[in-house]
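Chemist: Could you have a look at this structure, given as structure tokens, before my questions?
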Amino acid sequence: MMADGILDTVRRDVAAFRARCGIAPALAVILVGDDPASHVYVSRKLKASKRVGIASIERHLPSETTQDALLAEIDALNIDPSVHGILVQLPLPRHIDAAVVLDRICPSKDVDGFHPVNVGRLSTGTQGLIPCTPLGCLLLLESVVQDFCGLKAVVIGKSNIVGKPVALLLLERECTVTVTHINTRDLPSIVSIADIVIVAAGSPGLVRGGWVKPGAIVIDIGINKVVDKDGRSMIVGDAVTSELEHAAAVTPVPGGVGPMTIACLLSNTLRAANMMTAGRSPDAQGAQPIPRAG
Ligand SMILES: Nc1nc(=O)c2c([nH]1)NC[C@@H]1CN(c3ccc(C(=O)N[C@@H](CCC(=O)O)C(=O)O)cc3)C=[N+]21
């Protein structure tokens, strides 16, 4: 799996960082409340950190934590020089305004790439920290696409964490990008022109075989919990994989974009640590190039 290759590279580069700086890169993960899926994701992130030698700090706060208390927690991590990356697991409880919280994270420690400074950097093609899922999609695409120039990419979904940033990354690669969403009309006919289909709609079975042209590449970002006919619950994506034999490549769910997200989070943490120790950060002057695969 490609995520394993990235993790191997991160592990090697973490060792070099430790040799040079005498400390390990450190990732702080803040989890508010008891959402079971969030707990599973956070434990995966912490386990993967351990595997590559990144130190992790877990802050588990009760669901009734006030917004001010959460902001104070972020402030403390922001000024702690031994912390290189900060991630606040989403979704947050309803009484907390996620936009205010994400705004508070120091952009140079924002390993999710959700802070407006990093969003702005991405939109101008000059940022430091790229959101993990979109970056993972790009790396998967780069493993099968030699030249993106002029390819037609259709993105289904316009969220801030996936749809919009992945569209910007593909635009930066000179794709012709169409962003579609829940109110898009004639979605199947729009998808049918695509060389690259990126689906992040959270709708199981949305993308049917007949929507996708032969030879297209499908990146499936959906994570949907469904119950099969024997009553077992399982995770499926947004594309009907069994109908996509005519596609050039389709990412599976599970085992596709999800593990890449985690690998990119750790890669971002190492990058944040390297930028910080080199006195260069995405909120300082000096733009960082978008990293390439390989
Ligand atoms: N601040 C923040 N940053 C995030 O990056 C973030 C978040 N909040 N909130 C939730 C989403 C979701 N997410 C996933 C990460 C890994 C898998 C993953 O590894 N999935 C495996 C297992 C799937 C399963 O069995 O559950 C796979 O697809 O193979 C899935 C989903 C990160 N998110």
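Chemist: For A216, list long-range residues whose amide hydrogen, built 1.01 Å from N in the peptide plane, is under 5 Å from its own amide hydrogen.
Modeler: A248
Chemist: Are there trypsin sites (Lys or Arg not before Pro) in segment 42-96 that DSSP puts in a loop and that have at most 11 other Cβ atoms within 10 Å, and which ones? Working shown, then result.
Modeler: On the way: sites: R44, K45, K47, K50, R51, R59, R94; in loops: R94.
When the trypsin sites (Lys or Arg not before Pro) of segment 42-96 are filtered for loop state and at most 11 Cβ neighbours within 10 Å, R94 remain.
Chemist: Counting only protein heavy atoms and using a 1.4 Å probe, what share of the accessible area of the chain belongs to carbon plus sulfur, as a whole percent? Let's see the in-between values first.
Modeler: Numbers: 7520 of 13650 Å².
About 55 percent, which is the carbon plus sulfur part of the accessible surface.
Chemist: Can you list which of the trypsin sites (Lys or Arg not before Pro) found in segment 223-267 are DSSP loop residues with at most 12 other C-beta atoms within 10 Å? It would help to have the intermediate numbers written out before the result.
Modeler: On the way: sites: K225, K229, R232; in loops: K229, R232.
Loop-located and lightly packed - K229, R232.
Chemist: Expressed as a rounded percentage, what relative contact order does segment 1-77 have, with Cα pairs under 8 Å and six or more residues apart? Walk me through the intermediate numbers first.
Modeler: Values: 68 pairs, mean separation 26.8, N = 77.
Relative contact order for segment 1-77 comes out at 35 percent.
Chemist: Another one. On average, how much accessible surface per residue is there in the chain, in Å², for a 1.4 Å probe, leaving out ligands, DNA and RNA? Walk me through the intermediate numbers first.
Modeler: Working: 13650 Å² over 294 residues.
Accessible area per residue: 46 Å².
Chemist: Report Rg (one decimal) and Dmax (nearest whole number) for segment 1-103, counting Cα atoms only, units Å.
Modeler: Answer for segment 1-103, Rg first and Dmax second: 15.0, 44 Å.
Chemist: In the chain, which Cys residues have no partner Cys with a Cβ closer than 4.7 Å?
Modeler: Unpaired cysteines in the chain: C21, C106, C137, C149, C175.
Chemist: Identify the GluC sites (Glu not before Pro) of segment 1-96 meeting these criteria: DSSP loop state and at most 15 other C-beta atoms within 10 Å of the C-beta. Write out the running numbers ahead of the final one.
Modeler: On the way: sites: E58, E64, E73; in loops: E64.
Listed in order of number, the matching sites are E64.
Chemist: Measure nothing but the geometry: give the 0 to 90° angle between the long axis through the Cα atoms of 257-277 and the longest principal axis through the Cα atoms of the chain, rounded to 10°.
Modeler: 30
Chemist: Any of K109/K225; K45/K152; K164/K213 with alpha carbons more than 30 Å apart? Name them for me.
Modeler: Values: K109/K225 32 Å; K45/K152 33 Å; K164/K213 23 Å.
Cα-Cα > 30 Å for K109/K225; K45/K152; rest within.
Chemist: Ignoring everything except DSSP H segments at least 4 long, calculate the 222 nm mean residue ellipticity for the chain; use -39,500 (n - 2.57) per segment, divide by total residues, nearest 500. Could you put the intermediate results ahead of the total?
Modeler: Working: 9 runs with 112 residues, N = 294.
When only DSSP H runs of four or more count, the value is -12000 deg cm²/dmol.
Chemist: Then there is this: Ratio of the chain's C-alpha Rg to 2.2 N^0.38 Å, to two decimals? Spell out each step's value before the answer.
Modeler: Values: Rg = 19.1 Å, N = 294, 2.2 N^0.38 = 19.1 Å.
Relative to the 2.2 N^0.38 Å estimate, the chain comes out at 1.00.
Chemist: Against the longest principal axis of the chain, how steep is helix 2-21, in degrees 0 to 90 to the nearest 10, with axes from Cα atoms?
Modeler: The two axes meet at around 20 degrees.
The values are calculated or read from the model by the stated rules, or taken from the named source; none is laboratory data. Keep in mind it's a predicted model, so treat the numbers as computed, not measured. Note that we place each Cβ from the backbone using ideal geometry, even for glycine, and neighbour counts take in every protein chain shown. SASA here: full protein model, heavy atoms, side chains in, ligands and nucleic acids out. Shrake-Rupley method; radii C 1.70, N 1.55, O 1.52, S 1.80 Å.
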